[in-house]
Amino acid sequence: MTNIYGKGDKGKATRLHALIVRGFGSCQRCGSTHALQCAHIISRKYGNTRTDLDNAFCLCASCHMYFTDNPVDFGTYTINEIGEEAYGILLERRQLTSKVDWQEEAERLNGIARERGLI
Ligand SMILES: [Zn+2]
């Protein structure tokens with residue numbers, strides 16, 4: 001079976017991050033409760049912001065697809081939702097070159113998911 005989240009502890013952390021983000025319970029753009037997805041603000045290819053809970057919106061599949069196809073609108077939406085300052089913090093964190101301890105990150109997210117009754 002293909003694992004879209006990745007392998008090992010990094011995959012585990014990524015899967016838990018998505019679970020927590022979807023735990024918001026409805027699309028932050030349109031309010032739908034169907035087909036919820038974790039939509040990264042800064043691409044998940046950047047390790048230091050990949051599983052940051054401030055770096056994602058809970059969106060339904062169609063809003064997520066809309067924003068993927070319309071990145072300028074996504075930028076505007078992001079600034080309206082989180083503000084320039086929070087966005088600036090994410091951009092700074094993205095530049096960090098420190099290696100992420102994925103085992104520790106998976107444990108941290110596991111704790112949050114448990115606290116929120118998601119697992
Ligand atoms: Zn939506």
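How far apart, in nm, are two points set 7 Å out from the Cα along the Cα-to-Cβ line at residue 101 and at residue 61?
For the pair residue 101/residue 61, the computed spacing is 3.9 nm.
Could I get the Rg over Rh figure for the stretch 45-119? Both from C-alpha atoms, Rh via Kirkwood, rounded to two places.
Values: Rg = 14.3 Å, Rh = 14.2 Å.
Reported Rg/Rh (Cα atoms, Kirkwood Rh): 1.01.
Please arrange 90, 109, 59 by counting, for each residue, the other beta carbons lying within 10 Å of its beta carbon, fewest first.
On the way: 90 19, 109 22, 59 28.
Fewest to most other Cβ atoms nearby, the residues stand as 90, 109, 59.
Between residue 35 and residue 118, how many nm apart are label points set 7 Å from Cα along the C-beta direction?
Once both label points are built, they end up 2.1 nm from each other.
Can you sort 10, 45 from fewest to most other Cβ atoms within 10 Å of each residue's own Cβ?
Values: 10 18, 45 9.
In increasing order of surrounding Cβ atoms, one gets 45, 10.
Taking 7 Å along the Cα-to-C-beta vector as the label spot, tell me the residue 72-residue 92 distance in nanometres, rounded to one decimal.
3.0 nm
What residue among 63, 6, 88 has its Cα farthest toward the positive end of the dipole of the chain, where the charges are +1 on Lys, Arg and -1 on Asp, Glu, each on the Cβ?
6
Take the alpha-carbon positions of the stretch 1-43, form their convex hull, and give its projected area averaged over all directions (one quarter of the hull surface) in nm².
On the way: hull surface 14.6 nm².
Answer in nm², one decimal: 3.6.
Percent relative contact order of the chain, based on C-alpha pairs within less than 8 angstrom and at least six residues apart?
Details: 144 pairs, mean separation 37.9, N = 119.
Computed over the chain, the figure is 32 percent.
Since every read-out is calculated from the coordinates, none of them should be taken as a lab result. Everything quoted here is computed from the prediction, not taken from an experiment. We place every Cβ from the backbone using ideal geometry, glycine too, and count neighbours over all the protein chains shown.
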